[in-house]
Amino acid sequence: MSELQIGGISCRQLAEEYGTPLYIYDEARIINQAQSALDNFKSDMFETEVAFASKAFSSIYLFKLLSRMGLGLDVVSGGELYGAMQAGVDMSKVYFHGNNKGDEEMTMALEAGVGYFVIDNVMECRRLVFAAEDAGIKVRALLRVNPGISAHTHEYIMTSAPDSKFGIYVKDRIHIKEVIDIIAGSSMVELAGFHSHIGSQIVEAESFERALDTMTDFLLEMKELYGIDDMELSIGGGFGIKYVDEDEVESLGDMCYRMVRCAEDCIVRKGVNVTKLITEPGRSMVGEAGYSLYTIGDMKVSGDKHYIFVNGGMSDNIRPALYEAEYGAALVEKQDLPKTMNYCVAGKNCESGDVLIKSVKLPEAMPGDLLVLFSTGAYGYSMASNYNRLGRPAVVFVKDGKSRLVIRRESYRDQYRLEMGGDDD
Ligand code: LLP
């Protein structure tokens with residue numbers, strides 16, 4: 001009977017070597033995604049850059065891998081920046097995002113020499129000018145503009161409604177002008193261009209094309225009103241991936257190709273000058289390459305539901321509870337058996353919402369069977385918690401029949417490392 005293998009290694013072998021729950025990444029698949037983004041996000045008209053949105057999976061090993069391939073990195077906090085520094089990535093390709101960067105984070109980023117600050121709001125712009133002048137460090141900035149495109153995705157991962165917490169609304173001329181004026185008065189901060197990001201897990205290319213259309217109209221307006229020319233433009237990330245069989249998605253490479261052609265067309269048609277086009281895919285770079293491997297423990301029938309309990313749950317994958325995200329699953333050693341059962345896959349966290357899959361057809365399961373969830377590579381580990389003091393699982397990368405422990409399993413001791421004890425003395 002065929003058994004599920006990832007990167008040339010059987011899941012059972014990985015479970016025996018590293019234990020479960022376990023995040024497994026197919027390294028070749030990440031490399032393919034990254035390469036196809038690099039190959040397709042190219043133009044003869046302007047420079048291009050692909051920066052990995054590190055929030056999707058922030059790991060030093062991954063940062064090194066992608067940075068060697070020539071990708072940049074999007075970070076949103078001192079913590080993500082710290083990882084980038086540890087990995088030794090080229091700081092000139094780092095984009096520092098976030099809607100409330102702290103002063104300390106700003107100084108850290110300035111001193112580290114990050115390539116770009118992506119400014120979210122007027123107050124932040126003032127603080128950045130102050131921090132850069134204080135440190136005597138020159139920096140390039142992109143202003144995050146919210147193009148107001150409503151794409152079909154979950155409300156929690158939509159970012160482009162007119163009242164969004166991110167960026168400045170494209171029609172809010174007053175605040176946009178304020179940012180331009182503040183930067184114009186600074187000798188340390190240079191306005192290199194603009195940024196937009198319309199949301200995440202967006203599968204229809206048209207939403208991105210509408211955003212590009214709006215953003216290039218906006219660039220034209222900036223040129224006509226303020227004489228701003230030769231701009232860099234970031235289109236953010238957000239490309240959707242396949243979670244379950246019914247999902248229909250275009251490949252990352254095709255999306256990248258389409259975005260560049262659309263940008264070229266808008267630029268020529270409208271007569272604006274874009275010197276560099278940037279994209280920041282996160283999920284699409286690592287999502288489908290990641291698997292969560294669990295061991296089935298107890299099982300029970302409750303009402304008309306057949307529960308399978310796995311040895312992880314919402315603490316290693318919050319997405320079903322938070323966004324009603326759906327996943328596919330398989331029993332790794334029973335792949336060829338008929339799927340005669342309808343199971344509800346639940347975790348061991350103390351919460352009714354701790355259900356990983358509401359209903360999935362599987363062969364008859366037994367305690368001890370290994371169950372895998374597909375496409376968990378993005379926003380799984382990075383959003384994992386210690387709820388109920390469950391340790392974060394280990395992360396392994398597999399390639400050409402070899403595995404590599406990238407992040408070790410969190411022990412009880414690790415979990416309590418910050419406790420001060422509290423003994424009265
Ligand atoms: N650039 C910016 C400015 C972003 O805010 C994001 C995601 C990205 C790029 C990368 O988007 P991606 O290519 O990964 O869709 N935790 C949620 C997703 C939150 C996304 C936040 N921003 C989830 O698990 O679905």
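The values are calculated or read from the model by the stated rules, or taken from the named source; none is laboratory data. On a predicted model such as this, the values are computed, not experimentally measured, just so you know. Here Cβ is always computed from backbone atoms with ideal geometry, including for glycine, and neighbour counts include all displayed protein chains. For accessibility, only protein heavy atoms count, side chains too; no ligands or nucleic acids. Shrake-Rupley method; radii C 1.70, N 1.55, O 1.52, S 1.80 Å.
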**Q.** Complete set of residues in region 232-248 that are buried (at least 17 other Cβ atoms within 10 Å of the Cβ) and more than 17 Å from the chain's Cα centre (by Cα)
**A.** 232, 233
(Q) Only one of 171, 165 is open to solvent by 50 Å² or more (accessible area, probe 1.4 Å), within 14 Å of the ligand (Cβ to nearest atom), of a type outside the set (Asp, Glu) and over 20 Å from residue 115 (Cβ atoms). Can you tell me which? (A) 165
(Q) Can you tell me which residue is farthest from residue 399 (Cα to Cα) among those in region 52-61 that are surrounded by 24 or more Cβ atoms within 10 Å (Cβ to Cβ) and aliphatic (A, V, I, L, M)? (A) 53
Q. Restricting the search to region 66-77, which residues are of a type outside the set (S, T, N, Q) and more than 15 Å from the ligand (Cβ to nearest atom)?
A. 68, 69, 70
Q.
When you check residue 222 against the structure, is it within 16 Å of the ligand (Cβ to nearest atom) and over 23 Å from residue 92 (Cα atoms), yes or no?
A. no
Q: Among the residues of region 369-391, write down those that are away from the ligand (no atom under 16 Å from the Cβ) and either within 20 Å of residue 62 (Cβ to Cβ) or part of a strand (DSSP E or B) (or both).
A: 370, 371, 372
Q. What residue, among those in region 344-356 that are in a strand (DSSP E or B) and away from the ligand (no atom under 16 Å from the Cβ), is surrounded by the fewest Cβ atoms within 10 Å (Cβ to Cβ)?
A. 344
Q: Tally the residues that are open to solvent by 40 Å² or more (accessible area, probe 1.4 Å) and either part of a loop (DSSP other than H, G, I, E, B) or within 16 Å of the ligand (Cβ to nearest atom) (or both), restricting the search to region 306-317.
A: 1
Q) Can you pull out the residues in region 357-368 that are assigned to a strand (DSSP E or B) and either more than 25 Å from residue 302 (Cβ to Cβ) or not basic (Lys, Arg) (or both)? A) 357, 359, 360, 362
**Q.** Qualifying position, being open to solvent by less than 10 Å² (accessible area, probe 1.4 Å), in contact with a Ser or Thr (Cβ under 7 Å, 6 or more places away or on another chain) and not small (Gly, Ala, Ser), among 259, 255
**A.** 259
**Q.** Count of region 1-12 residues which are part of a helix (DSSP H, G or I) and closer than 19 Å to residue 289 by Cβ
**A.** 1
Q) What residue, among those in region 391-425 that are of a type in the set (Gly, Ala, Ser) and under 18 Å from residue 313 (Cα atoms), is farthest from the chain's Cα centre (by Cα)? A) 411
Q.
Being of a type in the set (A, V, I, L, M, F, W, C), more than 16 Å from the ligand (Cβ to nearest atom) and buried (at least 23 other Cβ atoms within 10 Å of the Cβ) is the filter here; which residues of region 275-305 pass it?
A. 293
**Q.** Conditions (1) within 23 Å of residue 372 (Cβ to Cβ); (2) within 16 Å of the chain's Cα centre (by Cα); (3) of a type outside the set (S, T, N, Q): number failed by residue 27
**A.** (2)
Q. Restricting to region 318-343, what's the tally of residues that are away from the ligand (no atom under 16 Å from the Cβ) and touching a helix residue (DSSP H, G or I) at 6+ places or on another chain (Cβ under 8 Å)?
A. 2
Q) Can you name the number of the only condition in (1) farther than 18 Å from residue 382 by Cα; (2) within 18 Å of the chain's Cα centre (by Cα); (3) within 15 Å of the ligand (Cβ to nearest atom) that residue 80 fails? A) (1)
Q) Can we say residue 209 is touching a residue at least 12 places away in the same chain (Cβ under 8 Å), under 22 Å from residue 73 (Cβ atoms), surrounded by fewer than 20 Cβ atoms within 10 Å (Cβ to Cβ) and more than 16 Å from the ligand (Cβ to nearest atom)? A) no
Q) What is the residue count in region 34-59 for residues that are among the polar types (S, T, N, Q), over 25 Å from residue 192 (Cβ atoms) and within 11 Å of the ligand (Cβ to nearest atom)? A) 0
Q. Can you spot a residue in region 110-122 that is more than 21 Å from residue 31 (Cα to Cα), hydroxyl-bearing (Ser, Thr, Tyr), in contact (Cβ under 8 Å) with a residue 12 or more places away in the chain and outside any loop (DSSP other than H, G, I, E, B)?
A. yes
Q | Failed condition for residue 229, given (1) within 14 Å of the ligand (Cβ to nearest atom); (2) open to solvent by 10 Å² or more (accessible area, probe 1.4 Å); (3) under 15 Å from residue 193 (Cβ atoms) | A | (1)
